[in-house]
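This report concerns only the one structure given below.
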Amino acid sequence: MSFYQKHIKSYLLRILRFANNTLGKQLIIKDKQLQDKYLQYNKNRFYGPQKYFCYAPFGSLFISYDGSVSPCYACKTKDSLLDKCLEDIWHGEIFESLRSQFRKGEIPEACIFCKTHLESENYGSILANKYDHYLMQKSKMPVIAELELANTCNLECIMCSGTLSSAIRKNRENLPPVENKIPENFSEQFSKILTSLKSIELTGGDPLLIDEYYKILEIAEKINPKLDILITTNANTFTKKTEELLKKDLKLSFNVSIDSLDGEIYSQIRKNASLETALENIETFHKYTQQKKTSLGFLVCPLQINAFELPNFVDFANKYNASLSYHVVFKPAHLALWTLPSEEIEKILKNLERHNFKAYDFNSTIVLNSYNSLINLIESWYKKAILREKEGNEIEKINLEIEKAKEKFTLTIGDKTLIEKAKYLIQKTDIKELPELIYLSLANKTKEELMSGFSNFSESELIEKLKNYHQECYSHYFYHKKFSDNEKYLNNK
């Protein structure tokens, strides 16, 4: 994009934001506790205030290899390709229910991810932001599709899991390959909605290793060559197929996952990867996107190991005229920033704030906004850490809930051998902090589910499942759940 084009784009965006601020109709959400925060978020949206909190159900499909279909990857309510075709799902009850709730000014329970960020005033991390762009276009069919059709990946990143990496599932988790439930006629189904799509996003695993995507892109080249195609890659998978793909008549953009510019730290985070290889391939993608007038972006996972390196990505992104996004890492909890003591988070926050980055064009403005959103996110984690440390009685409440859950689990399963086996497996997880949170998940299962699990899974499989249960419960209590005196503390700080 030329200097002239950037300034035209920036000028048009300012006009659009002004029009939406002065003429746009805002729908006030029903949750009174969130109304002020919602108005502030709406005011700061990229295109200015919009009518609904989220437009994903009105124009987006997220399709996973387990056959589930939802408006986005974070939505907890899902339909299934095992029962219906894509078109029926799009016009079906689940999507219509979500649309109806947004029209009424409600935030569905399924949208806890974005609601949590709204509550914490982390407006830049609200996933709903990305769907405003596509829903400017009126359509009765989806205009964006996000595909996660396999978990094929060559890396074993420390913050990832076997659900998103076949290498982790095989080598770290010692589990069989995930079951792929995508119907055999998926390409045929997908081709029916391809003409209505403006954009598709390919994720994984690593999309450049997933054969199904090459088939879909062949179809796209024939029936919708103007389609915007975004590929998220670790930039360590450049093959002959990739080389041939770049020669096709397609509009390819690339998001590169990269978490460190230090070779040693990079290798610690992204096991099996080479920073040198990644940088070489980034150069290739940069040349391609410049030539094709498409886009390049960088995705960074803020972790304890790279916390003081996070500012480095601002200049790195600007060097390539690329976008920059900092992911929100909830788990694994022992790697995430939000679980650190408040004094440690404060050091990270001060390091972020001491950098005085300036925006000098449209792209650098977007990068700076992303960086400022990261600062807001870390600040909210700092406040939550202070609350955790001030309110020791929260741990007492959690321990009481654990005891109740253990009693319920014991009564439900009614088998001393399996009760002892559960204790043994929880010890084998080697979880340091509140390992018995696992009982909160076990207590919500039926006797049939528990008996089946203990009978059909190996010890290693059960341990991995228990670790996942712990992560879910830990995140619930120490991230998503509000502390009882949250507002009182913040108001009297």
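Quick notes
- The charge dipole of the stretch 24-135, taken about the Cα centre with unit charges on the Cβ atoms of Lys, Arg (+1) and Asp, Glu (-1), comes to about 540 debye, rounded to the nearest 20.
- Cysteines without a disulfide-compatible neighbour (Cβ-Cβ under 4.7 Å), the chain: Cys54, Cys72, Cys75, Cys85, Cys111, Cys114, Cys153, Cys301, Cys473
- Percentage, to the nearest whole number, of Cα pairs in the stretch 24-135 over 24 Å apart: 22 percent
- Pairwise label distance in nanometres, Ser191 with Glu221, each label 7 Å out on the Cα-Cβ vector: 1.5 nm
- For the stretch 27-83, alpha-carbon Rg relative to the globular expectation (2.2 N^0.38 Å, N residues): 1.44
- Of Lys215/Lys358; Lys51/Lys198; Lys130/Lys192, those spanning more than 31 Å from alpha-carbon to alpha-carbon: Lys215/Lys358
- Thr152, Thr77 arranged by Cβ crowding within 10 Å, fewest neighbours leading: Thr77, Thr152
- Exposure proxy ranking, count of Cβ atoms within 10 Å, fewest first, for His470, His476: His476, His470
- Exposure proxy shown here: for Lys198, Lys416, Lys390, the number of other Cβ atoms within 10 Å sets the order, fewest to most, as Lys416, Lys390, Lys198.
- Estimated translational D of the stretch 202-325 in µm²/s (Stokes, Kirkwood radius over Cα pairs; 37 °C; 0.692 mPa s): 218 µm²/s
- Sum of side-chain charges, Ser60 neighbourhood, beta-carbon under 10 Å (Lys, Arg +1; Asp, Glu -1): -1
- Residue-wise HN-Hα coupling along the stretch 445-451, computed from phi with Karplus coefficients 6.51, -1.76, 1.60 (Hz; x: Gly, Pro): 9, 6, 4, 5, 5, 5, 4
- Karplus-derived 3J(HN,Hα) values for the stretch 205-216, using 6.51 cos²θ - 1.76 cosθ + 1.60 with θ = phi - 60°, are x, 10, x, 6, 10, 9, 4, 4, 5, 5, 5, 5 Hz; glycine and proline are entered as x.
- Residues whose placed amide H lies under 5 Å from that of Asn255, excluding near-sequence neighbours: Ile231, Thr232, Thr233, Gly297
- Directionally averaged shadow of the chain, computed from the convex hull of its alpha-carbon atoms, nm²: 23.9 nm²
- Furthest towards positive pole of dipole, Gly105, Ile126, Gln35, structure part the stretch 24-135, Cβ charges: Gln35
- Here the extension length gained between Asn468 and Asn180 equals 101.7 nm, from 0.36 nm per residue of separation less the Cα-Cα distance.
- 14 Å Cα-Cα reach of Lys465 towards aspartates and glutamates, excluding residues that sit fewer than 8 places from it in its own chain: Glu173, Asp430, Glu436, Glu449
- Cubic angstrom per residue, convex hull over Cα atoms of the stretch 327-468: 137 Å³
- Where a label projected 7 Å from the Cα of His476 along Cα→Cβ would reach, residues of the stretch 422-458 with amide N under 13 Å: 437-445
- One equal scatterer on each Cα of the stretch 393-480, no solvent, Debye formula: the resulting log10 I(q)/I(0) at q = 0.14, 0.19, 0.26 Å⁻¹ is -0.45, -0.84, -1.51.
- With loop membership from DSSP and a limit of 12 other Cβ atoms within 10 Å, the longest segment of the chain without GluC sites (Glu not before Pro) is 185-432.
- Helix-derived mean residue ellipticity, 222 nm - over the chain, DSSP H n ≥ 4, -39500 (n - 2.57), to 500: -14500 deg cm²/dmol
- Here Asp262 and Asp36 are evaluated by their C-beta separation; at R0 = 45 Å the FRET efficiency comes out at 0.60.
- Close amide-amide hydrogen proximity is noted between Glu201 and Ala145, Glu146, Leu147, Leu230, each under 5 Å apart and 5 or more residues distant or on a separate chain (H modeled in the peptide plane; Pro and chain starts excluded).
- Each residue of the stretch 248-259 is assigned a 3J(HN,Hα), and the resulting list reads 6, 7, 10, 9, 9, 10, 10, 10, 9, 7, 8, 10 Hz, derived from the Karplus form 6.51 cos²θ - 1.76 cosθ + 1.60 (θ = phi - 60°), x at Gly and Pro.
- Sequence-distant aspartates and glutamates (8 or more away, or on other chains) whose Cα lies within less than 12 Å of Lys115: Asp31, Glu106
- Length-normalised contact order for the chain - Cα pairs under 8 Å, 6+ apart - percent: 11 percent
Values in this text are rule-based calculations from the coordinates and carry no lab data. Model, not experiment: these values are computed from the prediction. Virtual Cβ from ideal backbone geometry, glycine too; neighbours counted across all protein chains shown.
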